[in-house]
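The values are calculated or read from the model by the stated rules, or taken from the named source; none is laboratory data. No experiment lies behind these values; they were computed from the predicted model shown. When we count neighbours, we look across all protein chains shown, and the Cβ atoms used for this are built from the backbone with ideal geometry, even at glycine. Quick note on the areas: whole protein, heavy atoms, side chains included, nothing else; ligands and nucleic acids left out. Shrake-Rupley method; radii C 1.70, N 1.55, O 1.52, S 1.80 Å.
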Amino acid sequence: MIDLFSDTTTRPTQEMRDAIASAEVGDEQRGEDPNVLALIAETCEVLGKEAGLFLPSGTMCNLIAVKNHTQPGDTVFVGHNCHILRCETGAAAAVSGVVLDVVPSVDGRFSGQALQQTLFEANPYTPVPSLVCVEQTHNFAGGAIWPVEELRRIREISLANGLKVHMDGARLFNAVVASGISAEDYARLCDSVWVDFTKGLGAPLGAVLCGSKDFIERARRYKHMFGGALRQAGMMAAGCRYALKHHVQRLGEDHLRAQRLAGCLRSLPGFEVKQVDTNLIFFKPGNIPAAEFQARLKEQGVLVSAVGEWVRAVTHLDVDDKDIEKTIRVLEGFFSTLTAQ
Ligand SMILES: Cc1ncc(COP(=O)(O)O)c(C=O)c1O
């Protein structure tokens with residue numbers, strides 16, 4: 001099987017497994033795990049943030065950040081189809097008791113102007129607007145990069161209106177490698193930001209949430225509250241440290257492979273392909289329903305996912321040039337069978 005289902009399906013490389021197996025460990029909950037502490041320090045350095053917290057998942061980073069920045073009843077501004085809105089079991093509402101207000105946009109990446117127009121003046125009858133969330137890159141927009149100038153405008157407007165900004169950086173490093181803009185330059189536009197080591201970076205587990213010392217002190221209490229405090233987590237942190245050191249720059253290879261695949265898809269009559277900025281390719285396969293197309297590709301040994309009417313293919317650490325060429329042959333063969341029918 002060629003697995004283009006998601007960049008979460010990567011398996012640790014032998015070198016990463018070696019780093020995991022030989023990791024020094026301590027009690028993470030008591031702040032004594034050397035690899036966790038080192039990973040936090042290295043991530044803070046890359047993001048230019050004061051403090052950080054190792055968490056089991058990106059979903060928990062979002063959960064804790066929203067809880068931390070808000071009070072029940074507050075409004076959180078989000079883009080449509082963002083992970084917090086669509087893929088976290090409504091946790092922001094269930095756990096933090098916030099109202100999610102969707103800022104209009106074409107694909108989930110809203111502009112500063114759209115945010116300005118959506119903001120409302122708080123009075124005794126309204127919810128309190130307190131937080132803006134952005135997702136870099138935006139998954140369901142097709143791994144699209146949120147332009148840094150727009151993020152800057154969003155930051156300015158947020159500051160002027162007393163709002164905090166949180167960045168879901170599940171694929172922030174894809175944006176960094178593709179745009180040439182540093183992680184620190186993106187992160188300085190946010191009060192809190194996290195990066196995931198389990199997506200394109202290929203680690204089996206782990207994310208680091210960063211922000212100010214005060215923010216992270218409170219976040220540590222929520223981590224414990226939600227059952228996220230860990231013990232000998234250094235083994236997993238060692239995998240993340242390996243990924244941070246060795247797997248960031250290579251994301252560029254995934255982006256090139258995504259472009260190659262997108263080029264083939266664009267050449268197939270009737271196919272619509274979203275702009276490809278990074279490693280996610282979203283396409284509509286003519287008039288074939290996405291779920292049917294997904295099933296037919298699976299029969300041919302290629303795994304993709306169906307997201308509504310779109311098919312999503314993702315390039316990552318475990319997909320090489322040969323896999324892409326084979327996928328292209330499957331697509332072209334599939335298409336010629338269709339046209340012959
Ligand atoms: C944009 C985005 N945010 C958050 C997450 C959640 O990350 P995790 O799987 O580490 O919980 C994902 C996972 O796919 C994602 O794509």
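Key figures for this structure:
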{"read-out": "Among Pro124, Pro289, Pro204, residue whose mean-square fluctuation peaks in a GNM of the chain (springs only between Cα atoms under 10 Å)", "value": "Pro124"}
{"read-out": "Most mobile listed residue (Ile324, Ile216, Ile84) in the chain, GNM with C-alpha springs under 10 Å", "value": "Ile324"}
{"read-out": "Above-threshold pairs, the threshold being 20 Å between Cα atoms, out of Lys67/Lys223; Lys245/Lys322; Lys213/Lys245; Lys49/Lys199", "value": "Lys245/Lys322; Lys213/Lys245; Lys49/Lys199"}
{"read-out": "Within segment 275-341, GluC sites (Glu not before Pro) in DSSP loop having at most 13 other beta-carbon neighbours inside 10 Å", "value": "Glu309"}
{"read-out": "Set of lysines with alpha-carbon distance to Lys284 below 21 Å, sequence-local pairs under 8 removed", "value": "Lys274, Lys298, Lys326"}
{"read-out": "Selected from Ala178, Gly108, Ser192, residue furthest toward positive end of dipole (the chain; charges at beta carbon)", "value": "Gly108"}
{"read-out": "Mean Cβ count within 10 Å, highest first, over the residues of peptides 250-262, 234-246", "value": "234-246, 250-262"}
{"read-out": "Heavy-atom surface of the chain, accessible at 1.4 Å and reported per residue (Å²)", "value": "43 Å²"}
{"read-out": "Carbon/sulfur fraction of accessible area - segment 250-340, other protein chains in place, 1.4 Å, %", "value": "50 percent"}
{"read-out": "Sparsely packed trypsin sites (Lys or Arg not before Pro) within segment 52-109, loop by DSSP, other Cβ within 10 Å at most 15", "value": "none"}
